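Heads up, the thing below is written out as structure tokens.
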């Protein structure tokens with residue numbers, strides 16, 4: 001058994017996220033396992049840029065309500081207890097709704113060069129609004 005002390009909360013970089021997003025890294029992608037796990041907290045309206053993962057990504061929503069969208073226009077509204085699996089190479093984004101906080105555990109398997117994430121352009125306000133209105137209940 002190994003006890004791991006809590007990691008400091010860091011604000012995520014503005015070139016990869018819109019709005020205020022905070023990360024606690026729970027597991028870094030080290031050899032041989034290459035597993036990366038993070039607790040990510042989004043303030044209302046905050047979201048990732050478009051991005052993809054070399055080996056896919058699993059999101060476990062542990063609090064609040066959020067959105068996950070793909071390039072083909074598929075958007076799902078998620079809440080605590082939901083799991084979303086994004087396959088390898090799929091360009092997607094995720095974040096909070098405009099009225100609620102959302103947090104998730106993000107799980108990826110690195111590519112031997114890091115966590116295997118390819119960061120792309122921001123999700124525009126128009127794309128976010130369209131996704132939000134398409135899933136509003």
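Derivation of every value follows stated rules applied to the coordinates shown; laboratory data play no part. Given the structure is predicted, the values throughout are model-derived calculations rather than measurements. Reconstructed Cβ throughout: ideal geometry from the backbone, glycine too, with neighbour counts over all protein chains shown.
The figures follow:
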{"item": "Cα-based helix-to-principal-axis angle, 125-135 vs the chain, degrees rounded to 10", "result": "80"}
{"item": "R0 of 30 Å, Cβ-Cβ distance residue 31-residue 76: FRET efficiency to nearest 0.05", "result": "0.35"}
{"item": "Label-point separation, residue 14 to residue 90 (7 Å along Cα→Cβ), nm", "result": "3.2"}
{"item": "Relative packing of peptides 49-57, 82-90, 14-22 - highest average C-beta neighbours within 10 Å first", "result": "49-57, 14-22, 82-90"}
{"item": "Cα→Cβ-extended label distance, 7 Å offset, between residue 120 and residue 2, nm", "result": "3.4"}
{"item": "Rotationally averaged projected area of the chain (alpha carbon convex hull; nm²)", "result": "8.3"}
{"item": "Cα Rg, Dmax (largest Cα-Cα span) when computed across region 57-129, Å", "result": "12.5, 38"}
